[in-house]
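The values are calculated or read from the model by the stated rules, or taken from the named source; none is laboratory data. Bear in mind the structure is a predicted one, so any value in this text is a computation, not a measurement. Note that each Cβ is placed from the backbone with ideal geometry, even for glycine, and that neighbours are counted across all protein chains shown.
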Amino acid sequence: MKRELTCIICPRGCLLSVNIDGTKTCVSGNNCPKGEKYAVEECIHPTRTVTSVVRVENRDHTMVSVKTASPVPKENIFDVMQIIRKTSVKAPVKIGDIILTYIYGTDIIATKHII
Amino acid sequence: MIQHDIVIIGGGPAGMAASVAAWDSGVRDVVIIDREKELGGILKQCIHNGFGLHKLGKELTGPEYAAVYEEAVADRGIKVFCETMVTDISEDRTVTAQNSDGILKIKAKAIILAMGCRERSRGALNIPGTRPAGVYSAGTAQKLMNCMGYSVGKRVVILGSGDIGLIMARRMSLQGAKVEAVCEIMPYSGGLTRNIVQCLDDFHIPLYLSTTVAEIHGRERVEGVTVAQVDENRRVIESTKRYIPCDTLLLSCGLIPENELTSSAGIPLSTVTSGALVDEHRQTEREGIFACGNVLHVHDLVDYVSDEAEIAGKSAAEYVKGNLSLADTVKTAAGNGVRYVLPQRVTASPKEDISLFLRVTKPFGKVRYTVKSGNEVLATAVRPKAAPGEMEKITVKTEKHKNIREEITVSLEEVQ
């Protein structure tokens, strides 16, 4: 298959051309090796990092920002969100604290310190 | 009246990076003043990732990027006044601020302005219609959702396709809202292409270019908006008006540097950037007062904010140490295809390479930039594309140009 797509790995947004013939892949237009990896994955099995917030139970009107430690399958973004939306944590929280484990192959981790 | 060597107004990414650079340059009496409870500025509410790829070599969320610098500030023991609002700065560098302890007056040897921006409001945009609840600037909606846990609406139209509008289109979709459309008055989007992909395409949200919101409807709550296409003068084309039912309108129509304090100190601003006029040290036209980050000109990436803040921090430190003399300067100007060039003046006999930052007037394909002083070409650079939403940097190597006499112009031409 042939496809043109924009790389989303970094703000440069290189325009990539991908050609996949069975197991042979050919990527052009990338300005770094990350783009080549992204192009193939995006065609075969796209993934995304999901970022959101989780309520902090013992602090008034306070949310802690979280992210998937590694990207999840694109088709599961809303499944991940459903789980995150039902969750809450108790302060204190540190960056990197695992809020939820084994969510579509990764952990949900905190990205903010809450004292 | 208390004294400090360097007073930094604003503790967001610019203020924090400037304080670290000043401290590392040997000036230890540095204080940061910020009006919020915590340092971090706007990064506190930017919970998405994409920060730090250039500067730190890894992809972080806003709060994580802020934490790197908060730690650097704390490690150095730099004094921070939080929940403290600066209400005035004078030309002789007296900073007046207030907090719950009362009024502070600080005499500073140098000041670094790092106040960031605010958003253009509905009033400033003059959007006709009723005044129901449910009209927010995109950044306000972001703060309400990400920091305080409020849901701001269920059925959304977004006006403005800059990065904030695109990011909020995704954010609201993730939280279960239906984003009906993103409207953009220009014939092109102002945001990064990667954000069109990961914020609109991923969620099948339509982007309507050359389209604006012509009217807001609803009595107590937004009930819908009338959108319409615009002509080449950005005037509404009546026959294209159509109604989109929604309960929320987010406005992402421009960031305005917060320069009230700058003006009250008599510091001249650029009418194009709305930020102070500076030289390559980021020194304004008032000696000892420097500016960096979004308050100077709106940036696309926080990585470059940190770079710029380091310049301002180092320069302020050199000024305090007595090493920064006001040399003869030459003005820079925007030529064909270029909207502005920063810094707006540079040292006529520079000892270091000079980096010029610019934005173009509209999207271009492959371009060649030429930097000229009179008839002398100081630098050229070729880029595969140029867009107003992507700040460009061109370096002038000074080994070849020891004595710049005439105004420096940066222009572009399209090439094959």
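Summary table
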| quantity | calculated |
| --- | --- |
| Strands (runs of 3 or more DSSP E) completely within segment B:289-395 that count 3 or more residues being more than 20 Å from B:Ser189 (Cα to Cα) | B:289-291, B:329-334, B:345-347, B:354-360, B:367-373, B:376-383 |
| Evaluation of B:Leu378 against (1) modelled with pLDDT under 95; (2) surrounded by fewer than 17 Cβ atoms within 10 Å (Cβ to Cβ); (3) in contact with a strand residue (DSSP E or B) (Cβ under 7 Å, 6 or more places away or on another chain) (one fails), failing number | (2) |
| B:Tyr69 being closer than 25 Å to B:Gly288 by Cα, outside any loop (DSSP other than H, G, I, E, B) and within 14 Å of chain A (Cβ to nearest Cβ) | yes |
| Residue in segment A:77-95 that is surrounded by the most Cβ atoms within 10 Å (Cβ to Cβ), counting only those that are of a type in the set (A, V, I, L, M, F, W, C) and more than 10 Å from chain B (Cβ to nearest Cβ) | A:Val93 |
| Where a residue in segment A:53-64 is closer than 14 Å to B:Ile47 by Cβ and its partner, wherever it lies, is acidic (Asp, Glu) and in a loop (DSSP other than H, G, I, E, B), with Cβ under 9 Å and at least six apart | A:Val64/A:Asp97 |
| Residue selected from segment B:245-266 under the condition of a type in the set (A, V, I, L, M, F, W, C) and not in a loop (DSSP other than H, G, I, E, B), by the criterion farthest from B:Lys321 (Cα to Cα) | B:Leu249 |
| Within segment A:33-76, tally of residues that are at the interface with chain B (Cβ under 8 Å from one of its Cβ atoms), closer than 23 Å to B:Leu200 by Cβ and of a type outside the set (A, V, I, L, M) | 7 |
| A:Ile9 vs. criteria in contact with a Gly (Cβ under 7 Å, 6 or more places away or on another chain) and facing another protein chain (nearest Cβ under 10 Å) | yes |
| Only listed residue being surrounded by 20 or more Cβ atoms within 10 Å (Cβ to Cβ) and either at pLDDT 95 or above or of a type in the set (S, T, N, Q) (or both), chosen from B:Leu250, B:Leu301 | B:Leu250 |
| So A:Lys24, is it farther than 22 Å from B:Asp202 by Cβ and more than 8 Å from every other protein chain (Cβ to nearest Cβ) | yes |
| Residue match in segment B:212-222 (condition: more than 20 Å from B:Ile311 (Cβ to Cβ), of a type in the set (D, E, K, R) and without any contact (Cβ under 8 Å) to a residue 12 or more places away in the chain) | no |
| Identity of the residue in segment A:102-115, over 15 Å from the mean Cα position of the chain (by Cα) and not charged (D, E, K, R), that ends up farthest from B:Cys147 (Cα to Cα) | A:Ile115 |
| Residue within segment A:96-108 that is within 11 Å of another protein chain (Cβ to nearest Cβ) and buried (at least 18 other Cβ atoms within 10 Å of the Cβ) present | no |
| Candidates B:Leu269, B:Leu296, filtered to the one that is in contact with a Gly (Cβ under 8 Å, 6 or more places away or on another chain), within 24 Å of B:Ala327 (Cα to Cα), of a type in the set (A, V, I, L, M, F, W, C) and surrounded by 21 or more Cβ atoms within 10 Å (Cβ to Cβ) | B:Leu296 |
| Test: B:Ile354 is of a type outside the set (Lys, Arg), surrounded by 12 or more Cβ atoms within 10 Å (Cβ to Cβ), more than 15 Å from B:Val338 (Cβ to Cβ) and in contact (Cβ under 8 Å) with a residue 60 or more places away in the chain | yes |
| Residues being surrounded by 19 or more Cβ atoms within 10 Å (Cβ to Cβ), at pLDDT below 90 and over 18 Å from B:His48 (Cβ atoms) - total across segment A:1-29 | 1 |
| Enumeration of residues in segment A:52-100 that are among the polar types (S, T, N, Q) and in contact with a Ser or Thr (Cβ under 6 Å, 6 or more places away or on another chain) | A:Ser65, A:Thr68, A:Ser70 |
| Yes/no for B:Arg219 being surrounded by fewer than 14 Cβ atoms within 10 Å (Cβ to Cβ) and touching a Pro at 6+ places or on another chain (Cβ under 7 Å) | yes |
| Among the residues listed as B:Glu83, B:Glu36, the single one being assigned to a loop (DSSP other than H, G, I, E, B) and in contact with a Cys (Cβ under 8 Å, 6 or more places away or on another chain) | B:Glu36 |
| Residue selected from segment B:51-80 under the condition under 20 Å from B:Leu166 (Cβ atoms) and in contact with a strand residue (DSSP E or B) (Cβ under 8 Å, 6 or more places away or on another chain), by the criterion modelled with the lowest pLDDT | B:Glu59 |
| Pairs with Cβ under 7 Å, 6+ apart, first in segment B:385-413 and more than 18 Å from B:Pro343 (Cα to Cα), second of a type in the set (Lys, Arg) | B:Lys385/B:Lys366; B:Glu413/B:Arg368 |
| Condition broken by B:Asp29, with the remaining ones in (1) touching a helix residue (DSSP H, G or I) at 6+ places or on another chain (Cβ under 9 Å); (2) under 25 Å from B:Met168 (Cα atoms) satisfied | (2) |
| The lone exception for B:Trp23 - which of (1) within 18 Å of B:Gly62 (Cβ to Cβ); (2) part of a helix (DSSP H, G or I) it fails | (1) |
| Filtered residues of segment B:268-297 (kept if of a type in the set (Val, Ile, Thr) and free of Cβ contacts under 8 Å to residues at least 40 places away in the same chain) | B:Thr271 |
| Only listed residue being among the hydroxyl-bearing types (Ser, Thr, Tyr), crowded, with 18+ Cβ neighbours inside 10 Å and out of contact with any Cys (no Cβ under 9 Å at 6 or more places or on another chain), chosen from B:Ser161, B:Ser189, B:Ser137, B:Ser151 | B:Ser189 |
| Checking B:Leu250 against (1) touching a Phe, Trp or Tyr at 6+ places or on another chain (Cβ under 6 Å); (2) of a type outside the set (Asp, Glu); (3) over 30 Å from B:Arg221 (Cβ atoms), the condition it does not meet | (3) |
